[in-house]
1. For Arg249 and Asp209, what does the FRET efficiency come to when R0 = 25 Å and r is the distance between their Cβ atoms, rounded to the nearest 0.05?
2. Over the chain, with a Gaussian network built from C-alpha contacts below 10 Å, which listed residue (Ala47, Ala195, Ala125) shows the highest mean-square fluctuation?
3. Heavy atoms only, 1.4 Å probe, whole protein assembly: order Met257, Met1 by accessible area, highest first.
4. Tally up the carbon and sulfur contribution to the accessible surface of the chain as a whole percent, 1.4 Å probe, everything protein left in place.
5. So what is the accessible area of the chain per residue, in Å², with the probe set to 1.4 Å?
6. Tell me the relative contact order for the range 133-233 as a rounded percent, counting alpha carbon contacts under 8 Å between residues six or more apart.
7. Counting other Cβ atoms within 10 Å, keep those with at most 15, restrict to DSSP loop, and tell me which trypsin sites (Lys or Arg not before Pro) in the range 234-264 are left.
8. Can you give the local net charge around Val48? Use residues other than it whose beta-carbon is closer than 15 angstrom to its beta-carbon, Lys and Arg +1, Asp and Glu -1.
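The values are calculated or read from the model by the stated rules, or taken from the named source; none is laboratory data. Just so you know, these numbers come straight off a predicted model, no measurement behind them. Here the Cβ positions follow ideal geometry from the backbone for every residue, glycine too, while neighbour counts run over all protein chains shown. When the accessible area is computed, the model is the full protein with side chains, heavy atoms only, and any ligands, DNA or RNA have been set aside. Shrake-Rupley method; radii C 1.70, N 1.55, O 1.52, S 1.80 Å.
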Amino acid sequence: MPADWIVPDWPAPANVRAVFTTRAGGVSEGPQATFNLGYKADDDPEAVRVNRERLRAYTGVPSAWVAQVHGPRVVDARDALAAAEAGEPLQADASITTAVGLASTVMVADCLPVLLCDAGGRAVAAAHAGWRGLCAGVIEQTVQALRARLKDEADGAEASVIAWLGPCIGPTAFEVGPEVRAAFLDAATPEERDATRAAFVARGAPQADKSLADLCALARLRLAREGVTNVSGGQWCTVGDPARFYSYRRDRVTGRMAALVWRVA
């Protein structure tokens, strides 16, 4: 595995593995150099295929790829894997699994990847949280789906969930219009409104109607809404480190990175 990749530093159980890829270790060229994993990134499809094969070789597990649409839908990673292998990936922005040896996987190039597991290491999940999906509830839906699966399979109490926030566009780079701030404030509970306002810092003239948004702060609010307070990560900005990270906001034509989480026996 390339030394440049990020292995989450989070208090996950010993049987849970996770990784976040960077630009290092692949065969893509040009703006997508070198480890682009997205077929819709204007890259040579053969290069993407080779990079995905390398990802599987590095991790030792298949990835459950989904067709991300910036929504809140969560699917089972086994269903996602079967659909992707059939050439018809499921439209979703998160997946969960209790299976061993299968990675819940999301792609990003500024959006926030959120990896989840329960404290017992019985289930894992990955969510793609751009601002639209985050506002629509993708994090809450993923946590709820993970807990429901565990309760169904083990007939146990509500699971304690652990989260990791990966690299995304940072709070000094993510400029948004007033409609984004309004959407989050409209979706906030009364208890969340002050903290939600604080996640948006107004820009001065001539951009008086613009704000800088903190995706990680907003994600932590949504995780707390579901009782998830054991949250790690969130310190990387994709825009500010072009040597390591792809960024759609910075470059427009660029590659895609991946965040993966899986269980081992």
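1. Values: r = 18 Å, r/R0 = 0.74.
Rounded to the nearest 0.05, the efficiency is 0.85.
2. Ala195
3. Sorted by accessible area, descending: Met1, Met257.
4. Percent of accessible area from carbon and sulfur atoms in the chain: 50.
5. 42
6. Taking the mean separation of contacting Cα pairs over the length of the range 133-233, I get 37 percent.
7. Details: sites: Arg244, Arg249, Arg250, Arg252, Arg256, Arg263; in loops: Arg244, Arg252, Arg256.
Filter output for the range 234-264: Arg252.
8. Numbers: positive: Arg23, Lys40, Arg49, Arg52, Arg54, Arg56, Arg256; negative: Glu29, Asp42, Asp43, Asp44, Glu46, Glu53.
Around Val48, the charge tally is +1.
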